[in-house]
Amino acid sequence: MRPARALIDLQALRHNYQLARDTAGAKALAVIKADAYGHGAVRVAQALEAEADGFAVACIEEALELRQAGINAPILLLEGFFEADELALMVEHDFWCVVHSLWQLDAIEQTALGKPLNVWLKMDSGMHRVGIHPADFQAAHQRLLNSGKAAKIVLMTHFARADELDSVRTDEQVAIFQSARSGLTAEVSLRNSPGVMGWPSVPSDWVRPGIMLYGATPFDQPQSVADRLQPVMTLESRVICVRDLPVGEPVGYGGTFVAERNMRIGVVAMGYADGYPRQAPTGTPLMVDGQRSQLLGRVSMDMLCVDLTDVPGAGLGSRVELWGKNILISEVASSAGMIPYQILCNLKRVPRLYTGA
């Protein structure tokens with residue numbers, strides 16, 4: 001059996017969730033969209049359901065998968081609904097709904113619902129992706145109240161640059177949000193993972209931790225809360241072939257790496273078809289039998305090469321950690337010119353094995 005696999009530490013996941021909630025001093029929706037950032041949404045939800053205040057996913061398809069798996073906790077649809085006919089399913093399964101556009105508000109007003117919805121009314125405070133314009137926010141809130149179709153309204157926005165700790169944009173967005181919602185009595189949700197970790201003074205009754213649940217930092221610099229995260233996923237494989245490479249010989253497609261000395265290289269059963277980044281260059285860190293080493297040459301679809309020259313005990317069958325508790329995914333992401341979110345969401349083909357259930 002091919003040795004590539006992803007080990008998912010559910011105890012580390014629970015630690016990170018509690019860290020998010022305790023740091024924020026607020027209720028926390030665990031964001032498990034995109035199959036829990038590659039970790040497996042159903043298993044992640046099952047591991048957190050006993051302690052989580054609820055979950056957040058992108059769309060109704062992701063939410064239905066959780067309900068069908070027996071998850072009864074609150075589930076928020078972060079993109080709300082795309083067609084008015086989804087409203088009946090939302091009521092049936094008791095999904096919470098983000099309303100970010102006036103057409104969604106129109107649809108709610110015009111649809112006969114079996115019972116009122118829990119609505120999270122989203123303001124565009126400056127990200128300019130989705131959200132109600134600040135000038136229209138009070139009126140949208142009043143329309144929801146007048147419709148009688150909102151059992152509860154939570155006010156929310158999303159930060160564009162909270163991962164930049166020296167940026168003034170987050171404070172500017174908070175000011176815009178607070179001004180536009182002045183006088184409205186409701187719970188608010190402003191903070192995602194970087195907001196929870198880096199912006200403790202921002203008020204938020206609900207927080208929405210995502211990347212930090214999985215033990216990865218959203219920052220490109222050291223940060224005190226990030227230092228307490230525990231990586232949840234370890235991507236590993238084994239050396240399946242060993243070669244002696246004379247000085248001057250190239251490795252892999254395109255011959256982008258040429259040996260500057262006599263070397264031992266290992267071929268590892270891991271490639272971009274598994275989600276390992278193809279653009280990761282020579283020198284990207286990995287670990288062989290507990291010792292740090294480096295990637296050599298281009299990543300292939302199913303294989304990559306690793307330097308064994310200074311790991312004399314390594315050979316056929318040696319364990320290779322691509323990222324995890326020793327090789328942080330942020331290191332790999334930085335080397336590849338990517339972000340941890342992107343790499344985790346790209347994981348595919350490799351089986352996931354769960355521990356700490």
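FYI, it's all coordinate maths here, none of it is from the lab. Nothing here was measured: the structure is a model prediction, and the numbers come from that model. As a convention, Cβ positions derive from the backbone with ideal geometry for all residues, glycine included, and neighbour counts pool all protein chains shown.
Distance between the C-alpha centers of segment 232-305 and segment 155-183? Whole Å please. Going from one Cα centre to the other spans 43 Å.
For Trp120, the residues whose modelled amide H falls within less than 5 Å of its own, excluding neighbours fewer than 5 places apart on the same chain, are Cys97, Val98, Val99, Val154. Of the candidates Val207, Val168, Val332, which one comes out as most mobile in a Gaussian network treatment of the chain with C-alpha springs shorter than 10 Å? Its mean-square fluctuation being the largest, the pick is Val168.
When the Gaussian network model of the chain links Cα atoms closer than 10 Å, the mean-square fluctuations of His158, His133, His100 top out at His133. For the chain, a Gaussian network of Cα nodes joined below 10 Å ranks Asn262, Asn16, Asn326 by mean-square fluctuation, and the top entry is Asn262.
When only C-alpha pairs under 8 Å and at least 6 residues apart count, what is the relative contact order of the chain, in percent? With pairs under 8 Å counted, the relative contact order is 19 percent. In plain terms, the chain from Leu353 to Thr256 could stretch by 31.5 nm, reckoned as 0.36 nm per residue minus the Cα-Cα distance. Over segment 10-217, Cα pairs under 8 Å with separation of 6+ residues give a relative contact order of 22 percent. With loop defined by DSSP as not H, G, I, E or B, and exposure as at most 13 other Cβ atoms within 10 Å, which is the longest segment of the chain clear of exposed GluC sites (Glu not before Pro)? The answer is 84-259. Between Ala186 and Gln68, the modelled labels are 3.2 nm apart [label points 7 Å from Cα along Cα→Cβ].
Take the cross-link list Lys33/Lys348; Lys27/Lys348; Lys122/Lys325; Lys27/Lys325 and give me the ones stretching past 25 Å between alpha-carbons. Flagged as over cut-off: Lys27/Lys348; Lys122/Lys325; Lys27/Lys325. Taking a Cβ cut-off of under 10 Å around Glu236, the surrounding Lys, Arg, Asp and Glu residues balance to a net charge of +2, with basic ones at +1 and acidic ones at -1. For segment 216-275, the set of trypsin sites (Lys or Arg not before Pro) satisfying both a DSSP loop assignment and a count of at most 15 other C-beta atoms within 10 Å is given as Arg261.
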